[in-house]
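Please treat every number below as a calculation from the coordinates, not as lab data. For clarity, every value in this text was computed on a predicted model and none was experimentally measured. Positions of Cβ are backbone-derived with ideal geometry, glycine not excepted, and every protein chain shown enters the neighbour counts.
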Amino acid sequence: MFEKLKKIMHFFFFKPSMARTMNGPLSINGLLLKGNGLKFVIALVSLFIMLGTTGIGQAAELSSLEKQELLSQGADFFQQATATSSADPVAARELYQKALLRYERLVKDSGIRNGKLFYNIGNIHFQLKDTGRAILNYRRAELYIPNNPNLKKNLAFAQSMRQDRLEEKQQEKILKTLFFFH
């Protein structure tokens, strides 16, 4: 769609032979806007703003059946990934990613905000070695289930695994010691 829009705008507005002058047409990065062209751009921008604010261009909310199906698929993929993680790490990673897509779609498209859902998303990120996103989702889960002991353990473990700072090389330490005044 955007390629088509780009071609239309190029056809209407781009005229490389015209020079930019103070009294000439309005030119913005090679797009020449005057008369009907300027009206067209204003109408087009207004249309995009209207579509964005009314929600017409946005995805429809998921039905109850779709939500249940996504949750079930996500749980199945997660269990399969856990079962195959030691035998085939590559296949397990793909299954974790599939589960993650299902769970994140539930959050994004259905508006579900649930502690167990965020907890599962955090577990998947942790299994994918994305500690930062794991901690983020554990903290989101903490808002809904603050006294869950498993959540607290996983969050503490993920926080212990993060790398806040990188170790300096020995040579850099010596140089900083020698040239401390700099």
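Annotations for the structure displayed:
- Efficiency of FRET from Cβ geometry, Gln170 and Leu101, R₀ 30 Å, rounded to 0.05: 0.10
- Region 58-182: proportion of alpha-carbon pairs further apart than 26 angstrom, %: 35 percent
- Relative packing of 110-119, 152-161, which averages over residues the other C-beta atoms within 10 Å, highest first: 110-119, 152-161
- Protection proxy ranking of 141-150, 95-104, 125-134, 170-179, by the mean of other Cβ atoms within 10 Å over each peptide's residues and highest first, is 95-104, 125-134, 141-150, 170-179.
- Spin-label pair Asn147/Ala75, simplified geometry with 7 Å Cα→Cβ offset, distance in nm: 2.4 nm
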